[in-house]
Amino acid sequence: MRLRPPRHRVGSRAIGWWTLQSALFALPLPLTFGILSLSIPPTREFFAWATLISAAPGLLYMAVMPAWRYRVHRWEATDQAVYAASGWLWQQWRVVPLSRIQTVDTLRGPLQQMFGLSGVTVTTASAAGAVKIKGLDHQVAGDLVAHLTRFTQATPGDAT
């Protein structure tokens, strides 16, 4: 039997969330160089070039990463397991049987709250770590947590 990719995409607002995150990462250095270019006349040419050189990869990152991540990030929860695909350069696909789930957590950081998004973390006893589904619509995340809670309580296994 061949495994198929998870069915559901994360919320479309995740693109905006990832774009804002990438801007917070990529823009401070070029902005600093730009301010220095305008503030210190003798070094204007140097800092103008530094601004351009540091802005180019950051702008490329901001343009490519959010859409690529949105294309890759998928999730699904069935009556048997939770599936999650994530990443953009290093892609990961995780499958966790419901019988192995120990905890289900929801996380909403300040930026996620701005976009109406949540993250769900499904933790197992495995040393391999938790399954993290980031960028879900807040309501969808709540429904997923309720679904997993209901089915993990009803699923016999060694994690209960």
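Miscellaneous remarks
- Scanning the stretch 61-70 finds no residues that are assigned to a loop (DSSP other than H, G, I, E, B) and over 30 Å from Val145 (Cβ atoms).
- Criterion: open to solvent by less than 60 Å² (accessible area, probe 1.4 Å), modelled with pLDDT of 95 or more and more than 24 Å from His138 (Cβ to Cβ) - qualifying residue of Thr19, Thr51: Thr51
- Conditions (1) closer than 21 Å to Ala125 by Cα; (2) open to solvent by 60 Å² or more (accessible area, probe 1.4 Å); number of the one not met by Leu38: (1)
- With respect to the stated conditions, Ser126 fails to be out of contact with any helix residue (DSSP H, G or I) (no Cβ under 6 Å at 6 or more places or on another chain) and surrounded by 15 or more Cβ atoms within 10 Å (Cβ to Cβ).
- Ala84 loosely packed, with under 15 Cβ neighbours inside 10 Å, in contact (Cβ under 8 Å) with a residue 24 or more places away in the chain and aliphatic (A, V, I, L, M): no
- Whichever residue in the stretch 1-16 is in a loop (DSSP other than H, G, I, E, B) and buried (at least 17 other Cβ atoms within 10 Å of the Cβ) and, among such residues, is modelled with the lowest pLDDT: Pro6
- The residue that is nearest to the chain's Cα centre (by Cα), among those in the stretch 73-113 that are charged (D, E, K, R) and in a strand (DSSP E or B), is Arg74.
The values are calculated or read from the model by the stated rules, or taken from the named source; none is laboratory data. Note that the coordinates shown come from a computational prediction; the quantities given were computed from them, not determined experimentally. Ideal geometry is used to build each Cβ from the backbone, glycine not excepted, and the neighbour counts take in all protein chains shown. We work out accessible area using only protein heavy atoms, side chains counted, and drop any ligands, DNA or RNA first. Shrake-Rupley method; radii C 1.70, N 1.55, O 1.52, S 1.80 Å.
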